[in-house]
Amino acid sequence: MNKIAEELNRYPQDYWDFKVTTKSGIHNIGKYPATMVPDMQYQLLSVVSKHLNNKNITLLDPFCGSGTTLVIAQELGINSVGIDINPYATLLSFVKTNKYDKADVYNAISTIKSNLEQGLNFPIFDFYNIKKWFRDDIIKSLSQIRHCILLEKSQDIRKFFWICLSEVIFKFSNDRTSTFKLHALPKQKINLIEDKCIEYFIKIIKDNSEHLNYSNTTSSNIIYGDSSSIINNKLKREFDIICTSPPYGDNPTTITYGQASILFLKWIDSKDLSCSQELLEKYTTIDKISVGGKKRKIINTKDIKSLQDFLGKISLKKQAKVINFFEDYYVSLKCMNKCLAKSGYLIMTVGNRSVDAVRQPLDNITIEILESFGLKLVSKFNRNILYKNSPLKLSLLKDKKTIKTIQKETIIIFTK
């Protein structure tokens, strides 16, 4: 038996639930849906990395999201690369992993606080449909904060301020934050929002600044874009560890990461983002260019038995959406295999959502695809999801039934 499998088998069954631990420190900065559990990632990477002979271990997270795995890699002295197609994800991952100078950050905070208190003249910011998502007085306060952020000369510090602004937007927008899709609150609730944007922003920048990286020098390179394209065209290297959680969720395709962050991105100045301005013009574009967002014909996955069995249990309409996802997913896994070093390890955290009230076996489909590439399964185990930002049940409007949302994740480890 593989040494990593032997070690993982010694843990009790509920160990990976991490019942008594919650996110803290740098992991609490920013707002991002379905983030990974830092303690779980730390333990997994600790176990895997100590069994690698290479002293200069490199890690890739091709769906880096909020950067949890990249931060853990830094803590373990592992150089990493993170990729994401959501520009807010890459901005957040950059801020979490960038090494800041404490004196510079504190001076910048003092300056922006002073500028906000002085009440400098500022233009009122605007974008399409802004008044659907923000009250007039909130727009004015956010415009003032935005103007003062733009006065900061250091781009790295501006990026930190933008992430802090995103937390203000999350709290004071008209969006119902109980789900990841954009959905305006009822007017009576919007009227109850108290404009404390500036006061809250000042608190957030002070609180978050305590958790920035001021000492860790481990390299973490954050790249915006489609991971498959970047692996094929830009990354001319192999990685000892690929550790990631691919997009999955309880919506028709996956979690709407783009919608969850588009209101933040609308306020951020384009020169501090890695994407084109056109990407942000529509509220749904990010999700449409993400895994499963475009129509695909079933080509790569037509011989994946576990997928074919599942498709036979759901409607033709839902089959089309599932095929879109797995055709893109197959390409992503193929690219991961391409850049995984010989004797390296691929660590995947996945969840089995329901489609047409039928549980989709993403874990088994993933295993079948990776084994078709010649990778060897080292370990597979489950963990309970104890903390969720989404409802425990979803309603099926067609027949008025409810189904349970994802309440377990599967960790799958492969070697090459």
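Quick check on I145: is it within 30 Å of G293 (Cα to Cα) and open to solvent by less than 10 Å² (accessible area, probe 1.4 Å)? It is false that I145 is within 30 Å of G293 (Cα to Cα) and open to solvent by less than 10 Å² (accessible area, probe 1.4 Å). Checking every residue in segment 235-247 against the condition of being surrounded by 17 or more Cβ atoms within 10 Å (Cβ to Cβ), at pLDDT 95 or above and charged (D, E, K, R) gives at least one match. The single condition among (1) farther than 24 Å from C275 by Cβ; (2) modelled with pLDDT of 95 or more; (3) open to solvent by 30 Å² or more (accessible area, probe 1.4 Å) that L116 does not meet is (3). F310 meets the conditions (1) in contact with a Leu (Cβ under 9 Å, 6 or more places away or on another chain); (2) in a helix (DSSP H, G or I); (3) of a type outside the set (D, E, K, R); (4) in contact (Cβ under 8 Å) with a residue 40 or more places away in the chain in every case but one. The failed one is (1). The residue list F170, F161 contains one member that is part of a helix (DSSP H, G or I), aromatic (F, W, Y), at pLDDT 95 or above and open to solvent by 70 Å² or more (accessible area, probe 1.4 Å), which is F170. Scan segment 211-223 and tell me whether some residue there is assigned to a helix (DSSP H, G or I) and either modelled with pLDDT of 95 or more or polar (S, T, N, Q) (or both). Checking segment 211-223: not a single residue is assigned to a helix (DSSP H, G or I) and either modelled with pLDDT of 95 or more or polar (S, T, N, Q) (or both).
Scanning segment 12-21 for residues that are open to solvent by 20 Å² or more (accessible area, probe 1.4 Å) and touching a helix residue (DSSP H, G or I) at 6+ places or on another chain (Cβ under 9 Å), we see that the one that is nearest to S93 (Cα to Cα) is T21.
Residue pairs whose Cβ atoms lie under 6 Å apart, sitting 6 or more positions apart in sequence or on different chains, and linking a residue in segment 341-354 that is within 17 Å of N384 (Cα to Cα) to a partner that is in a strand (DSSP E or B) and polar (S, T, N, Q), are V350/T410. Selection of segment 266-297 for residues being among the basic types (K, R) and touching a Leu at 6+ places or on another chain (Cβ under 8 Å) yields only K266.
With respect to S24, determine if the residue is surrounded by fewer than 13 Cβ atoms within 10 Å (Cβ to Cβ) and under 19 Å from the mean Cα position of the chain (by Cα). When the stated conditions are applied, S24 passes them. So in segment 27-56, with the set limited to residues that are among the aliphatic types (A, V, I, L, M) and open to solvent by 20 Å² or more (accessible area, probe 1.4 Å), which one is nearest to T256 (Cα to Cα)? Ranking the candidates gives A34 first.
The values are calculated or read from the model by the stated rules, or taken from the named source; none is laboratory data. Since we're looking at a predicted model, the values are computed, not measured. All Cβ positions, even for glycine, are placed from backbone atoms using ideal geometry, and neighbour counts span all protein chains on display. Note: areas computed on protein heavy atoms with side chains; ligands, DNA, RNA excluded. Shrake-Rupley method; radii C 1.70, N 1.55, O 1.52, S 1.80 Å.
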